[in-house]
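A.B. asks: Right, I'll just put the structure down here and ask away after.
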Amino acid sequence: MTTSMNDSPLFRGMFTCPSMCEIWDDHSLIQAWMDIWKALAQTQAAHGIIPQEAADEITKKCDVNNLDFAAMGQEVMKVGHALVPVLRAYEHICDNGYGEYLHLGSTTQDVSDTGFMMLLKRSYEAIMKDLRDVEAAALKLAADHKNTVMAGRTHGQQALPITFGFKAAYWASEIRREIERMKEVYARDFVGELSGAVGTCAGFGKDGHVISEEAIARLGLNVPDIMWHSTRDRFASITNTAVLVAFTMAHIAHECANMMKTEFGEVAEGFVRGQVFSSTMPNKRNPGLCEMTQTQARLAQGSAIATINSMYCEHERDASVWRIEWRSLGECMMSVGCAVARAKKLLENLVVYPERMRENLNLTKGLMYAEPVMLAMGKHIGKQTAHELVYEISMDCFENNVLFIDGLLANETVAKYMTRADLEDIMQPEHYTGDAIYYVDKVIAEVNAAREKDEIK
């Protein structure tokens, strides 16, 4: 029996995505630890600190598949330490006693912190790949539907016409900002840690910082300016930026779910026969992708809050907070990765119903065009006077279920200045979308230009 949906053979497909499952498992973490020990050994051999033969043997045996996980698991429970059993197992598979040179001068937190940084970096790269696909899907929707008129809504009520492409364009703009935030984190926060018991590199001998810096560079991580055993802001920054990504996905999913409501019917999730959305109502096609995207964002938030709590650290090491990250980091990335993967599937397969969007523009019997009518009348009688006049007419039409155009023409002041043809022209939704198309084209151009500069693809 499993205690986590992420590990459940039955349910993990609902709550995870393949890329995160591959990254956040025991084998990946332990392989990262072994890679760290290998990098350290190679660096120490290059500086004559350990025999080259020892580094060669450590490198030769640096394969997680060489280790007995069942035996290591039993020893973890016996000794009460997560890293020591792994270190011993690695040591024992090295011939000629060369395993004695493993972990020389480093400490447990060096290895765990750096190992988690390696997995987080891989996670960001996987999330970035999917996020760029979500962005591409949003850009396509923006381009395909830049002229597709629909109701813009404020406070949940119809307000003024926009285009669906305009809505998709600001999704794309939002996604681009998240990508740029991730790039900033990628460049700044993926930093290794190999500095010994209290962070001074004393265990590495004279000029120990050289050993530390070279070993970290071998791992593809940035070199810190100083030890960070007790400064956990980087992990907090990485996870919380990832949570912003997840909530942007959730925002888009929430928008789509609202537009999918039966009474709206403006978009729908892609559907394949065989999908079942209710155990009792055979007809249901629920917004499953939308709902799961929002679920994962909220789960990621909880994990990120836990990571923030780990910043409350004492002196040069405090395991009471440090170990929070052992659970929260992976769970956060699992949830964020799942949210982005679900959003990708949502937007890439989104079905758009332009006819229903246009139909919905008529639900208010023309009242949506009160603003352009008011502005047109304002040229003749003044803006404030026109506002009061159109307000009264609007309220009367609403309360008496009268077409707005008929209510307007029944008013002597309006009829004095405007004909039915004038009003019909004003009430064409395409005539009052403002600069929506301009903004669509602008966002598409700017986002595509930014995409060309992305180094993480």
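Every number in this text was worked out from the coordinates using simple rules, so none of it is lab data. In this text, all values refer to a predicted model and were calculated from it rather than measured experimentally. We place every Cβ from the backbone using ideal geometry, glycine too, and count neighbours over all the protein chains shown.
A.B. asks: Report the longest stretch of the chain that contains none of the chymotrypsin sites (Phe, Trp or Tyr not before Pro) sitting in a DSSP loop with at most 12 other Cβ atoms within 10 Å.
C.D. replies: 1-270
A.B. asks: Treat every Asp and Glu Cβ in the stretch 360-432 as -1 and every Lys and Arg Cβ as +1, leave all other atoms uncharged, and give the resulting dipole magnitude about the Cα centre to the nearest 20 debye.
C.D. replies: 140 debye
A.B. asks: Taking θ as phi - 60°, what are the ³J(HN,Hα) couplings along the stretch 308-316 by the Karplus curve (6.51, -1.76, 1.60), each to the nearest whole Hz, with x for Gly and Pro?
C.D. replies: 4, 4, 6, 6, 7, 10, 9, 6, 9
A.B. asks: R0 = 51 Å: FRET efficiency of THR413 with ASN258, Cβ-based, nearest 0.05?
C.D. replies: Taking R0 as 51 Å, the efficiency between THR413 and ASN258 is 0.85.
A.B. asks: List, in order, the whole-Hz ³J(HN,Hα) value for each residue of the stretch 198-204 obtained from phi through the Karplus relation with A = 6.51, B = -1.76, C = 1.60 and θ = phi - 60°; use x for Gly and Pro.
C.D. replies: Working through the residues one at a time gives 10, x, 9, 6, 4, x, 8 Hz.
A.B. asks: Additional query: Taking N as the number of residues in the stretch 1-150, what value does Rg over Cα atoms divided by 2.2 N^0.38 Å take?
C.D. replies: 1.43
A.B. asks: Per residue and in Å³, how big is the convex hull formed by the alpha-carbon atoms of the stretch 1-56?
C.D. replies: Dividing the Cα hull volume of the stretch 1-56 by its residue count gives 100 Å³.
A.B. asks: Starting at the first residue of the stretch 440-451, write each ³J(HN,Hα) from the Karplus equation 6.51 cos²θ - 1.76 cosθ + 1.60 with θ = phi - 60°, in whole Hz, x for Gly and Pro.
C.D. replies: Taking θ as phi minus 60°, the curve returns 4, 4, 5, 5, 4, 5, 5, 5, 4, 5, 5, 4 Hz for the stretch 440-451.
A.B. asks: Let me ask you something else. Would you mind estimating how fast the chain diffuses translationally, via Stokes-Einstein at 4 °C and 1.567 mPa s with the Kirkwood radius over Cα pairs, in µm²/s?
C.D. replies: 50 µm²/s
A.B. asks: In Å and from the alpha-carbon atoms only, list the Rg and Dmax of the stretch 223-361.
C.D. replies: Every Cα atom of the stretch 223-361 included, Rg and Dmax give 20.1, 65 Å.
A.B. asks: Sequence-distant or interchain residues sharing an amide H contact under 5 Å with VAL191, placed H: which?
C.D. replies: The answer is ASN222.
A.B. asks: Using Stokes-Einstein with the Kirkwood hydrodynamic radius over Cα pairs, what translational diffusion coefficient do you get for the stretch 360-432 at 10 °C and a viscosity of 1.306 mPa s, in µm²/s rounded to a whole number?
C.D. replies: Here the translational diffusion coefficient equals 132 µm²/s.
A.B. asks: Name the trypsin sites (Lys or Arg not before Pro) in the stretch 166-267 that are in a loop by DSSP and that have at most 15 other C-beta atoms within 10 Å, would you?
C.D. replies: Counting only loop positions with at most 15 other Cβ atoms within 10 Å, the trypsin sites (Lys or Arg not before Pro) in the stretch 166-267 are LYS206, LYS261.
A.B. asks: Sequence-distant or interchain residues sharing an amide H contact under 5 Å with THR163, placed H: which?
C.D. replies: MET150
A.B. asks: Sticking with this one: What aspartates and glutamates does LYS121 reach when the alpha-carbon gap must be under 13 Å and sequence neighbours fewer than 8 apart in one chain are set aside?
C.D. replies: Cα-Cα hits under 13 Å: ASP113, GLU184, ASP189.
A.B. asks: Need the C-alpha centroid separation for the stretch 39-115 versus the stretch 329-369, integer Å.
C.D. replies: So the two Cα centres are separated by 49 Å.
A.B. asks: Sort VAL76, VAL243 by Cβ crowding within 10 Å, fewest neighbours at the top.
C.D. replies: Taking fewest neighbouring Cβ atoms as first place, the list is VAL76, VAL243.
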